[in-house]
Amino acid sequence: MAGLGLLCGLLCISGHLSGQESVRLNLDEVMSMAHSQSREALSAKHRFRSSYWEYRTFRTQYLPMLNLNTTLPSLRRSIIKYTTLQGNDIFVEQSVANYSLEMTLSKTLGFTGGSVFLRSGLDRIDNLSDSTFSTYLSNPVTLGISQPVLAYNPYRWDNKIEPIRYREARQRYLEDAEQVSISAINNFFDLLQAQLSLKIALTNEANYDTLFKIAQGRYNLGRIAENDLLQLELSFLKARAEVENARLGLGMNVSKLKAFLRLPEQQEVSLVLPGPANTLVVDLQQAVQVARANRSDIAGYERRELEAESEVHKARLQNRFNANLYAEYGLTQSARELNEVYQNPQDGQVLAFGIQIPILDWGLARGKIKMAESNRELVRTTIEQERIAFEQEVYLKVMQFNMQQNQLMLAAKADTVAQKRYYVTKQRYLIGKIDITELNIAQTETDNAQLGYITALRNFWKTYFELRKLTLFDFLLNREIEVDFKSIYR
């Protein structure tokens, strides 16, 4: 196609016009740079890292925790009431220092919602008023449990919801990456169209300059009317104005692309026209199937349903019968000397069972249950509607993509035909067979055909990556889109 060949040869006009060395980028290079250094890509990575560490934090809370608590020291000086052996109350000055050291190993029991702990501690009290008086209290080992009974267990629901939330975050990152590709395509073709518009404007200016000079000679010989001469002069002036507008548009789109890719402002950029796209027909059923399996929205539907069900369960158990069991067993001893405090320890037990039964709440609990149940049904209805809309969006995008390939072929053919028609029309005008109006029409159709091909190529790639974003599937390679998530965690 002669028209496309000429187009490819002239697309780097911006670098030549500036007189500076220009970096030439194709579509793959622009997309690669966008994924590695654009702000959109970096923002997507940071959002995913946040979700990853949120999930890691969730998993960590079920691991044993070892804590050390110490007080070195706690000083207190005050006047207190003291009862003598004779039963008399007097006020005495007290000055003491407390020291404590405690180590606790604890673990959350996700399946019950309780926790168990193992504790060891040592306390010392110094009477600063009497330097000879010090006492120690040891707790060599204490084993305990705290367990809610018939209560809402948030850990049980988190174990269901959080893995789905993390899977949703992984899939959303893949979608964000595809959105980066779409943004790269938009910026790429914006600049490509600006380059082509400048090329067209310069070509038109040169053509009308030549035609205007020829028309001046013909007018001087009396072979054309003054109206035709003025029409050509007007077309020449319009062509010069279009060159200035095209230069401005090119500069704006170059700056836009460099800002998107975070390139140095002094770097000159020109683009290479993408080659013909591969022929590909996407199967609708396959697209819907992989979209259901991969899309973050599907994981989001499952998560939202579980969250709504969790709220219903929470409303039913709270503000009703509640009980808490707390028990601990350990060894303890006190002594005046440190070497005696661990000798012949005595056992100690704590057992507490608390019950809360609301007698009159004026329908508070029932109201919360009904609100939670209504919200659950609303979530289910909303999700059902969103599922239908989601599958409809996939269906329309597949139809649009399959149609874009025919549109691209037609645009390429139209560009070639328009180029040939303009050449023939121009030759006929030069020999005086047609008037300037037909030449202007042919020129306009040629310009539109060239821009139409770029637009069709843009729509093809944009629609393809929009379909990839909807399905997280690479139809050209016939495989799911994958990312090395470990490199993002670091």
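Derivation of every value follows stated rules applied to the coordinates shown; laboratory data play no part. For clarity, every value in this text was computed on a predicted model and none was experimentally measured. Because the Cβ atoms are built from the backbone with ideal geometry, glycine has one as well, and the counts that use them run over all protein chains shown.
Cross-link partners for LYS397 among the lysines, with Cα-Cα distance under 21 Å and sequence neighbours closer than 8 places in the same chain left out: LYS462, LYS469.
Between GLU305 and THR112, the contour length at 0.36 nm per residue exceeds the alpha carbon distance by 67.2 nm.
Translational diffusion of the stretch 229-378, estimated by Stokes-Einstein from the Kirkwood radius over alpha carbon pairs at 25 °C in a medium of 0.890 mPa s, is 93 µm² per second.
Here's the list of aspartates and glutamates a cross-link from LYS45 could span, going by alpha-carbon distance under 15 Å and ignoring same-chain residues fewer than 8 apart: GLU54, GLU168, GLU175, ASP176, GLU178, GLU482, ASP484. Computed from the C-beta positions of ALA241 and TYR395 and an R0 of 41 Å, the FRET efficiency is 0.35 to the nearest 0.05.
Length gained on full extension, LEU451 to VAL96: 118.9 nm, using 0.36 nm per residue less the C-alpha separation. Projected label points at LEU351 and GLU265, each 7 Å from Cα along the beta carbon direction, are separated by 7.8 nanometres. For GLN216 and VAL424, a Förster radius of 22 Å and the Cβ-Cβ distance give a FRET efficiency of 0.35, rounded to the nearest 0.05. Scanning residues 5 or more positions from GLU268 or on other chains, those with amide H under 5 Å from its amide H are VAL23, with H placed 1.01 Å from N in the peptide plane. The gain in end-to-end length when the ALA335 to GLU54 segment is fully stretched comes to 96.4 nm, 0.36 nm per residue minus the alpha carbon separation.
For the stretch 274-329, the calculated P(r) over all alpha carbon pairs, in 10 Å bins from 0 to the bin holding the longest distance, is 16, 20, 21, 16, 12, 8, 5, 2 percent.
Over all directions, how big on average is the projection of the convex hull of the alpha-carbon atoms in the stretch 363-463, in square nanometres?
The Cα convex hull of the stretch 363-463, projected and averaged over all directions, gives 10.2 nm².
A simple spin-label model places the labels of GLN385 and LEU150 4.0 nm from each other, with each point 7 Å out along Cα-to-Cβ. In this calculation the C-beta distance from LEU234 to ASN186 is compared with R0 = 30 Å, giving a FRET efficiency of 0.30. In the stretch 151-232, inverting the average of 1/r over every pair of distinct C-alpha atoms gives 18.9 Å as the Kirkwood radius. So what's the gap between the Cα centers of the stretch 207-250 and the stretch 342-357, to the nearest angstrom? Rounded to whole Å, the Cα centres lie 103 Å apart.
For the chain, the membrane-span-like helices by this rule, meaning whole DSSP H stretches whose C-alpha atoms cover at least 18 Å of axis and whose Kyte-Doolittle mean is -0.5 or above, are 226-261, 436-471; this says nothing about an actual membrane.
Modelled spin-label separation between MET409 and ILE488, with each label point placed 7 Å from Cα along the Cα-to-Cβ direction: 3.8 nm. Over the chain, dividing the summed -39,500 (n - 2.57) contributions of all DSSP H runs of at least 4 residues by the number of residues returns a 222 nm mean residue ellipticity of -21500 deg cm²/dmol. Counting only lysines at least 8 places from LYS370 when in the same chain, those with an alpha carbon closer than 16 Å to its own are LYS314. Listed peptides 135-142, 348-355, 28-35 appear in the order 28-35, 135-142, 348-355 once ranked by packing, highest mean of other Cβ atoms within 10 Å at the front.
If one puts a single equal scatterer on every Cα of the chain and applies the Debye formula without solvent, what log₁₀ I(q)/I(0) results at q = 0.07, 0.08 Å⁻¹? Results for the chain at q = 0.07, 0.08 Å⁻¹ read -0.68, -0.78.
When ARG295, ARG316 are arranged by Cβ crowding within 10 Å, least crowded first, meaning fewest neighbours, the order is ARG316, ARG295. Compactness of the stretch 16-137 is given as radius of gyration and Dmax, 32.4, 109 Å, from Cα positions.
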